[in-house]
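S.K.: My questions all concern the structure below.
The values are calculated or read from the model by the stated rules, or taken from the named source; none is laboratory data. Small disclaimer: the values here were computed from a predicted structure and weren't measured. Virtual Cβ from ideal backbone geometry, glycine too; neighbours counted across all protein chains shown. Accessible surface is based on the protein model in full, side chains and every heavy atom, while ligands, DNA and RNA are left aside. Shrake-Rupley method; radii C 1.70, N 1.55, O 1.52, S 1.80 Å.
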Amino acid sequence: GVSSALYKTPEARLLRQGPGIKCEPSHDLSQNECIQAATSLGGVLFDNELAVGYWRNAPPGCSIATNGGRIFYNFIDHKSFNDGNYNPVCKALEDEATFSISRKALEEKATLYTAIQGNKCISGHDFSEDECAAAAASVGGRLRDGNIVVGDWSHTPPGCFIEPSDKGIHFGTKFGSVNAGSFHPVCRAETEGEATLFEMSKALENKATLYPAIQGIKCTPGHYFTKEQCIAAAKSVGGHLRNGRLIAGGWGHTPSGCFLEPSDNAIHFGTNIFSNNAGIFRSVCRLESEIIVATLLPNREETKCKQGHGFSIESCVAAASSVGGILRDEEFEVGDWTTTPPGCFIEAADKAIHFNRNVDGINAGYFQPVCIKEPIEAVLLPSRSGSKCTPYHDFSKEECIAAALSVGGLLRDYNLIVGDWLHTPYGCFVQEKDKAIHFGTNIDGLNYGGFQPVCIAESVKAVLLPARDGTKCTQGHDFSKEDCIAAAASVGGNLRDGKFITGSWPDAPPGCFIELSDGAIHFGMNNATVNAGNFQPVCIKGPVEATLLPAIPGMKCKSGHDISQEECMCAALSLGGNPRDDQLIIGGWAHTPSGCFIQEKDKAIHFGTNIDGTNFGTFQPVCITEKAKARLLPSHKGNKCAEGLDFSKDDCIAAALSAGGYLRDGDIAVGDWSYAPSGCFIKSSDKAIHFGTNIDGINNGYFRPVCIPEPVKATLLPPRQGSSCLSGSELTEEQCCAAAELIGGNLRGGKFIVGDWSNTPSGCFLDASDKAIHFGKNVASINNGSFQPVCAAKTKVALLPSGKG
């Protein structure tokens, strides 16, 4: 092999020890030269004698033993093999670059790529033929018969590479050759010192933890490092390579996976999954925050990961390993198969890890897809007598650790404590006094108090109202006492000292709320109490019918009619608001109303957090519609209320006021105009409320009819190619956001996404992968099958009884 000298004189060099290390051809010292050269480099003669002989495990020629420093001279030719316990003593190079650039100069500047079909160095990261030997040697390569192998192969990567069978160093001269998948390209590390053989130090920095040397202690499921990751992970917690090598074996008395031997912190990897730590080894495990959250689907026909839940080729080995996958013959199998699922999977027969590049592959039923596990949200219940999870909201034993850690639990002595106790709740829980995580197997166990059940959070959509005088949930949007903890926790609430506070306070809102000062969760039992402004009601998120008030100095929403920050975007969009730069603008301004509002000049949607803010007159508050629910139509020619949706003259004032109108000179204007719509309307220019008595009147485009709102009921179509809403059932852009939220849609990053795509349905739709709400303006677009149209549900369907006729 090629190595730089540890020490050198003008006549000789001392090479570093390592398996196979020996002098370069023509650089061996003679027996007579050996004594003087070796002693000048620190070697010693025992009894003033040079040790000479014929050894197969020592380098040929002159060397110094690493243990004791004795000088040896081996008469065997270059067929002997240095077992790593000798430092060769060689002639000095006249020019350090005559054979190659020194290994020292390239140490920590090379990285070894995976042996995958087509893999090669990225542009600008190739080593030259002169540099190849030293670079490849620095990542574990060996010179075959003392030479680098050079050729113009078509099935290998171009440039420097290593053949895995014997680590032989090669250099491919054929530009355009393609790696058949059996060779490791040797490339320049993108960041100096970033990677060496099997090392990913940068990627794993601060992601490993060292467990104590206790009998039976090992990594918990999902927290193991792979063999390839072990060196970098262990080095990050103080481990080192003994004699420059990772020590691997199938021992029965060590932990499985990556570990250190405390006597010298040597890095080891245990391949025996049934082994048991005798108590003298320290497991190297993933930090809890670095768990690879993977799930294994069953081996059924056509089974595959849901869109957006597949692992990348780079993450596949680690993800599949965390759910029981193995590398067959130490190889990661990558292909373009038609009968396997796309992406990462393991073969059911032997758990071999694979990755299929063919996105159209169909599972024949013999393979288990490895998918990103959808997050399970956990909630911590109070430690009250009898407290337990509601039916179907228990975590399994396997899920307990991750769920409990997410709500503040701790592993006592690094273990999940399992028992058949009578005085604790069944399932996953934490002990209140020290947060230790437990799992109770007794389904009849009764919580005596002191234990906090860890439960699957209810799939509730909660909204937090501002802390203002009189603010409370609208009727029908209150959470029950039983649902309050989970709902309030989902919007940032917490249990003060682990307790759920219930009571009847005159200055707090009724129902579920959190205290503004510390986020403590409360439940008010008295429906007649009034919020004094220090508490934030927690309400069921639902369709909000909003009204736009005029831009008048001091104008704000009435008490109890504020719209939450979460609901502001959709509510304002429904009234013609425009998200400036696709964002809800939030601030604590003194010259605007608090809560949701629209800036009059450009319709930009804002949310004011200053409860003392005063409207200077250029902002239109967006408020919950009062009981006289009204819908304001746009000022288009001919526009009028649909039949049966007109307000009477008596109801017109309240309805129009709720829609932002005002009384000019304190009264409604009534007339028999031919150029205005019949019924209730407001004038676009000044918002003055009118009532037209001419049933034949035709809107000339300067008036906005005030109508009884027709609730928009929406239906969600499946994500199929070509699917779209039927003619007449399309939602408008203004209706889209609120309607889509009702059936499970959400605003991705808080944005209502509008575009002119060709591969989506036109109109309102959800992205099937994450339910993000979109509106497509291209009427000629065709759904590619990844999107779910949201349509107006106008057709009533009835199931008739069976029978003749």
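S.K.: Relative to the longest principal Cα axis of the chain, at what angle does helix 733-742 sit, 0 to 90 degrees, rounded to 10?
M.R.: Orientation of helix 733-742: about 70 degrees from the principal axis.
S.K.: Which residue, Pro510, Ile611, Ile64, has the largest displacement toward the positive end of the dipole of the chain when charges sit on each Cβ (Lys, Arg +1; Asp, Glu -1)?
M.R.: So the residue furthest toward the plus end is Pro510.
S.K.: What does the accessible area of Arg328 come to, in Å² to the nearest 10, when a probe of 1.4 Å is used?
M.R.: About 70 Å², rounded to the nearest 10.
S.K.: Just list whichever of Lys388/Lys499; Lys558/Lys640; Lys637/Lys683; Lys388/Lys481; Lys713/Lys777 have alpha carbons separated by over 18 Å in the model shown.
M.R.: On the way: Lys388/Lys499 14 Å; Lys558/Lys640 29 Å; Lys637/Lys683 13 Å; Lys388/Lys481 15 Å; Lys713/Lys777 21 Å.
Over 18 Å Cα-Cα: Lys558/Lys640; Lys713/Lys777.
S.K.: Also, quick follow-up: Take each of the peptides 230-239, 358-367, 763-772, average the number of other beta-carbon atoms within 10 Å over its residues, and list them starting from the highest.
M.R.: Values: 230-239: 22.4, 358-367: 15.8, 763-772: 20.3.
Sorting 230-239, 358-367, 763-772 by mean packing, highest first, produces 230-239, 763-772, 358-367.
S.K.: Okay, next question. Once the cut-off is 51 Å, how many percent of the Cα-Cα pairs in the chain end up in the long-distance tail? Present the calculation step by step, with values, prior to reporting the outcome.
M.R.: Numbers: 129010 of 323610 pairs.
Tail of the P(r) past 51 Å holds 40 percent of the pairs.
S.K.: Next question, about the same structure. Which one of Ile353, Val334, Asn363 is farthest out on the positive end of the charge dipole of segment 325-379, using unit charges on Cβ (Lys, Arg +1; Asp, Glu -1) and the Cα centre as origin?
M.R.: Final value for the positive-end residue is Asn363.
S.K.: If you fit an axis through the alpha-carbon atoms of helix 397-406 and take the longest principal axis of the Cα set of the chain, what angle between them do you get, 0 to 90°, nearest 10?
M.R.: So the inclination is approximately 70 degrees.
S.K.: Sticking with this structure for a sec: I need the shape label for segment 656-708. Rule: rounded when a/c is under 1.5, else prolate if a/b > b/c, else oblate, with a, b, c from the alpha carbon gyration tensor.
M.R.: Since a/c reaches 1.5 and a/b is larger than b/c, the shape of segment 656-708 is classed as prolate.
S.K.: Based on the Cα atoms of segment 663-747, what semi-axes does the equivalent ellipsoid have, where each is the square root of 5 times one gyration tensor eigenvalue, given in whole Å with the largest first?
M.R.: Taking √(5λ) for each eigenvalue gives 37, 15, 10 Å, largest first.
S.K.: So what is the accessible area of segment 493-590 per residue, in Å², with the probe set to 1.4 Å? Please list the in-between numbers first.
M.R.: Working: 4310 Å² over 98 residues.
Using a 1.4 Å probe on heavy atoms only, each residue of segment 493-590 averages 44 Å².
S.K.: Placing unit charges on C-beta atoms (Lys and Arg positive, Asp and Glu negative, everything else neutral), compute the dipole magnitude of the chain about its Cα centre in debye, rounded to 20. Working shown, then result.
M.R.: Working: 70 positive and 88 negative charges, 227 e Å.
For this selection, approximately 1100 debye.
S.K.: Just to check I understand the Karplus step: with θ = phi - 60° and J = 6.51 cos²θ - 1.76 cosθ + 1.60, what whole-Hz values come out for segment 674-679, glycine and proline as x?
M.R.: Each residue of segment 674-679 in turn: 8, 9, 10, x, 6, x Hz.
S.K.: Next question, about the same structure. Using only Cα atoms, find the angle between the long axis of helix 31-40 and the longest principal axis of the chain, and express it within 0 to 90 degrees, rounded to the nearest 10.
M.R.: Approximately 50 degrees, to the nearest ten.
S.K.: Report, in debye and to the nearest 20, how large the dipole of segment 417-535 comes out about its Cα centre when Lys and Arg carry +1 and Asp and Glu carry -1 on their Cβ.
M.R.: Working: 8 positive and 13 negative charges, 40 e Å.
Roughly 200 debye, rounded to the nearest 20.
S.K.: Using a 1.4 Å probe on the protein heavy atoms, what percent of the accessible area of the chain belongs to carbon and sulfur? Before the final figure, lay out each step's value.
M.R.: Details: 20130 of 39860 Å².
Here it works out to 50 percent.
S.K.: Would you work out if segment 248-374 is rounded, prolate or oblate? Take a ≥ b ≥ c from the square roots of the eigenvalues of the alpha-carbon gyration tensor; rounded if a/c is under 1.5, else prolate when a/b is larger than b/c, oblate otherwise.
M.R.: On the way: a/c = 2.73, a/b = 2.18, b/c = 1.25.
The shape class here is prolate.
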